[in-house]
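Undergrad: There's a structure below that I have some questions on.
The values are calculated or read from the model by the stated rules, or taken from the named source; none is laboratory data. Small disclaimer: the values here were computed from a predicted structure and weren't measured. Please note: Cβ atoms are built from the backbone with ideal geometry, for glycine as well, and neighbour counts cover all protein chains shown. Heavy atoms of the whole protein, side chains included, go into the accessibility calculation; ligands, DNA and RNA do not. Shrake-Rupley method; radii C 1.70, N 1.55, O 1.52, S 1.80 Å.
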Amino acid sequence: MAGLHTSLRPQLPSSAANHQTFTAKLLLLLTLLPLSLAVFAFLLQWRGGGVDDPISRWSPDESHKFPGMDSSPLATVGHLSSHSSDCSKLLGHSNVASFPYYRDWKFKFDADLKPKICITTSTSASLEQILPWMFYHKVIGVSNFFLFVEGKAASPAVSKVLESIPGVKVIYRTKELEEQQAKSRIWNETWLSSFFYKPCNYELFVKQSLNMEMAIVMARDAGMDWILHLDTDELMHPAGAREYSLRQLLLDVPENVDMVVFPNYESSVERDDIKEPFTEVSMFKKNYDHLTKDTYFGMYKESTRGNPNYFLTYGNGKSVARIQDHLRPNGAHRWHNYMKTPNEIKLEEAAVLHYTYAKFSDLTSRRDRCGCKPTKDDVKRCFMLEFDRAAFIIASTATEEEMLNWYREHVVWTDKTLNLKLLRKGILTRIYAPMTIIQGLRESGVFGSIIASAQGTLSKDKFLASIGSSNSSRAAESVSFHSRKIGRNTESQATARKVLETTSSVFQEAAIPPLSPPVMMDGDLKIEA
């Protein structure tokens, strides 16, 4: 027995040691396993390796989330800010984007991407305004742009950049274009006739309608599904869609719908020194269509702050039209059809964000575009809306200091207590998506790359010479529509006739002008024209 006990004694410590070793290894495994999984997950997310979280939807790899993006790198442009003083604000200050998911986007849309959406506009704006406006809409799904340009937008430095962008068609207001539009069937019809031969806003309204007529043909030739007329101080806000995408929003529209109306929201600036409205303005006043009647009229006086109407300018929104036979414009805010009454719907969440009078300089820039006399009687010939008339008179007669005081009183929302009250009531709202997208685009170098690419194709001298020779007809002096006897031909030869020709006699609904929202007069609801 003594021998047996002696032989067993050395085995007991060995068994205990094995047990301790096994326990230690198990604890080590249990410690390393979650650490390994955490590191693996971090690496996947860092490298974009198949993690389908909400942020990854903004990645260029997910081209159908934000359409038209691929992984081909854009040139970095941090050193290019000295190319042009006019472009310096577009180039940003860093190659490192605060919103890095915009890197390497080339904005080329897949051929099978549906629906195809185009925007047409008539503009005299600079690159500083046009590029953020354009690429924001590219981000939310617009593929083509038909730009009818004048002024700064038609200058060689600007037009060269615009013409270099895929999907952009630039149309200059030349003598040839005006002669072509003078033969449009519009001049022989009644729906726009009340706007003919009048100055300023009325003349612009006719130009826009004629440009929209031509854009319909261009859109159809380019295979577009939807067309939208939008000014370069307006951004689409596709709220209510499954993604922040105009393409997705229109994809969900029933096939029997011909037109979609987007009510407009109006910018409510909180400072008098705004320089870049798209990235500095986040507060907007909601449209009547997106408010209850009790809220709208219950807060009407506080919302107008002594101005003529609830909105400073128009309040009847903009519409998007499905490309189809016999489509025609119905003024700058709507579309119509020569052969039928279109089936139209109005969206309950999506809107057009209108950045009106967002900069103090807008007072004088609007004044400089119109030659009317600053009197109450004469401004009625030039402007359709009451606030535009008052602003024109102030800008034409007041000193700089008087203008600034007037601007602060009538445009700038400086009363924070009132702002908070109207925000809580739903009259005012905060919208951050556009400023986030545009600031991200700027910081990622998209605008700078476009400018550098266009300017780098030729030396400065050859660049200017080529522009001057190839587009010499742009400089041809044109006569304004309201002073010229045009549009009297019985047969139109305008390009737009390819789509719009019809021999049927159909009731012609009058063009819809920019309209103010409903007003309260002696307790009664009234729609002002």
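Undergrad: Output the helices (runs of 4 or more DSSP H) that fall wholly within region 131-235 and possess 2 or more residues being closer than 22 Å to residue 327 by Cα and modelled with pLDDT of 95 or more, or say none. Can you show your working first?
TA: Details: elements: 156-163, 175-181, 201-221.
Passing ranges, in order: 175-181, 201-221.
Undergrad: So the check is Cβ under 8 Å with 6+ separation or different chains; which pairs have a first residue in region 355-366 that's in contact (Cβ under 8 Å) with a residue 24 or more places away in the chain and outside any helix (DSSP H, G or I) and a second one that's of a type in the set (D, E, K, R) and open to solvent by 10 Å² or more (accessible area, probe 1.4 Å)?
TA: The qualifying pairs are 355/233; 356/233; 356/362; 358/233; 359/275; 360/272; 360/273.
Undergrad: Right, something else. Checking residue 216 against (1) touching a strand residue (DSSP E or B) at 6+ places or on another chain (Cβ under 6 Å); (2) open to solvent by 10 Å² or more (accessible area, probe 1.4 Å), which single condition isn't satisfied?
TA: Unmet for residue 216, out of (1) touching a strand residue (DSSP E or B) at 6+ places or on another chain (Cβ under 6 Å); (2) open to solvent by 10 Å² or more (accessible area, probe 1.4 Å): (2).
Undergrad: Grab the helices (runs of 4 or more DSSP H) fully contained in region 393-506, keeping just those with 1 or more residues being at pLDDT 90 or above and farther than 30 Å from residue 352 by Cβ. Lay out the reasoning, then the answer.
TA: Values: elements: 400-410, 416-425, 433-443, 446-455, 460-470, 497-500.
Of the helices (runs of 4 or more DSSP H) lying wholly inside region 393-506, those with at least 1 residues that are at pLDDT 90 or above and farther than 30 Å from residue 352 by Cβ span 400-410, 446-455.
Undergrad: Continuing with this model, one more query. Please go through region 164-197 and pick out each residue that is free of Cβ contacts under 8 Å to residues at least 12 places away in the same chain and open to solvent by 50 Å² or more (accessible area, probe 1.4 Å). Even if it seems obvious, please write down each step before you answer.
TA: Here is the first cut: in region 164-197, the residues free of Cβ contacts under 8 Å to residues at least 12 places away in the same chain are 177, 179, 193.
Within region 164-197, 179, 193 meet the criteria.
Undergrad: Could you give every pair whose Cβ atoms fall below 6 Å, whose first residue belongs to region 253-282 and is under 15 Å from residue 348 (Cα atoms) and crowded, with 21+ Cβ neighbours inside 10 Å, and whose second residue is of a type in the set (Phe, Trp, Tyr) and at pLDDT 95 or above, counting only separations of at least 6 or pairs across chains?
TA: Close Cβ pairs (under 6 Å, with a partner that is of a type in the set (Phe, Trp, Tyr) and at pLDDT 95 or above) amount to 259/335; 265/284.
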